[in-house]
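Below is one structure, written out as structure tokens, with a few remarks after it.
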Amino acid sequence: MRVTTTSTRTARTEWFRMPSSWHTIATILTRRSVPCRPLTARVVGVATGEEAYSLAMLLDQLQIPGTVHATDIDPEMIALAQAAVFTDDQVRQAITAGALGPAQTLGHFVQLGPGRWTVSDAVRARVTFDVADAGTAPIGPCDVALARNMWRHLTETERAHLHQALATALPAGGILGVGGADLPDPHYPERAFAGFEYTGTGGVYLRVMPHGRHG
């Protein structure tokens, strides 16, 4: 069974999008006790792969064992993500995003030739990709899920499905990251996703227990 995503052919993607969210996610992960199993992460609507590789870089930098499974409805986008070939400008954007230090970020890339880069073997080994549609299929259990700037591409029924799929996939205390364009009312982000508590920054939410208690 495949995890699902929405079309991102026209969606904007970049390295470490919304840098403040990455700092928040890193803080949450490092404050937790040592996990008894590797962390599992999902990226919905991954487009050309930068978001999935960004998350893998963060986990590698924090020395947290785990994997990232990323999906998109567009097979051409998934092929580009799997190829993982990036330009000087794209690597520069990853460095200037500021989620990691410049030397740390560059250390996760390998130069293939003039103007051509890929991700390190350690980062690539953490990430798998699949073609799937967010509007219909379930999402497998995970500790972190990123579903950014793609909700507006879904119908109301599909958005409800994705919301429920994420609520089912994430345990209490699980991390959900969304984009600013995903909020129905950006002035009230705390009201956007029932069953999730807004952390107050970067579109990052935590899955909560029925009575608001974290697991």
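The values are calculated or read from the model by the stated rules, or taken from the named source; none is laboratory data. The shown structure was predicted, so the numbers you read here are calculated from the model rather than taken from an experiment. Here Cβ is always computed from backbone atoms with ideal geometry, including for glycine, and neighbour counts include all displayed protein chains. Calculation scope for accessible area: heavy atoms of the full protein, side chains included, ligands and nucleic acids excluded. Shrake-Rupley method; radii C 1.70, N 1.55, O 1.52, S 1.80 Å.
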> Which of the following residues is within 17 Å of the chain's Cα centre (by Cα) and hydroxyl-bearing (Ser, Thr, Tyr): 87, 48?
Replying inline: 48
> Which of the residues spanning region 21-52 are in contact with a Lys or Arg (Cβ under 8 Å, 6 or more places away or on another chain) and in a helix (DSSP H, G or I)?
Replying inline: 50, 51
> Taking residue 99, is it surrounded by 14 or more Cβ atoms within 10 Å (Cβ to Cβ) and within 17 Å of the chain's Cα centre (by Cα)?
Replying inline: yes
>> Among the residues that make up region 68-83, is at least one of them among the β-branched types (Val, Ile, Thr), in contact with a strand residue (DSSP E or B) (Cβ under 8 Å, 6 or more places away or on another chain), over 21 Å from residue 138 (Cα atoms) and modelled with pLDDT of 95 or more?
In response: no
> Of the residues 24, 71, 30, which single one is open to solvent by 10 Å² or more (accessible area, probe 1.4 Å) and over 15 Å from residue 98 (Cα atoms)?
Replying inline: 30
> Of 144, 131, which residue is aliphatic (A, V, I, L, M), at pLDDT 95 or above and closer than 19 Å to residue 78 by Cβ?
Replying inline: 131
> Has region 150-168 got any residue that is in contact (Cβ under 8 Å) with a residue 40 or more places away in the chain, exposed (fewer than 13 other Cβ atoms within 10 Å of the Cβ) and out of contact with any His (no Cβ under 8 Å at 6 or more places or on another chain)?
Replying inline: no
>> Condition first: surrounded by fewer than 21 Cβ atoms within 10 Å (Cβ to Cβ) and at pLDDT 90 or above. Can you find one or more residues in region 7-15 that meet it?
In response: yes
>> Given the condition buried (at least 23 other Cβ atoms within 10 Å of the Cβ), of a type outside the set (Gly, Ala, Ser), within 15 Å of the chain's Cα centre (by Cα) and modelled with pLDDT of 95 or more, answer yes or no: does some residue in region 34-43 qualify?
In response: yes
> Does residue 133 satisfy the condition of being farther than 19 Å from residue 54 by Cα and open to solvent by less than 30 Å² (accessible area, probe 1.4 Å)?
Replying inline: no
> Taking region 110-127 as the region of interest, how many residues are surrounded by 14 or more Cβ atoms within 10 Å (Cβ to Cβ), of a type outside the set (A, V, I, L, M) and within 16 Å of residue 59 (Cβ to Cβ)?
Replying inline: 3
>> Regarding region 190-199, can at least one residue be identified that is without any contact (Cβ under 8 Å) to a residue 12 or more places away in the chain and in contact with a helix residue (DSSP H, G or I) (Cβ under 7 Å, 6 or more places away or on another chain)?
In response: yes
>> What are the pairs with Cβ atoms under 9 angstrom where one residue, in region 14-33, is at positive phi and the other, located anywhere, is assigned to a helix (DSSP H, G or I) and open to solvent by 30 Å² or more (accessible area, probe 1.4 Å)? Sequence gap at least six, or different chains.
In response: 16/93; 18/180
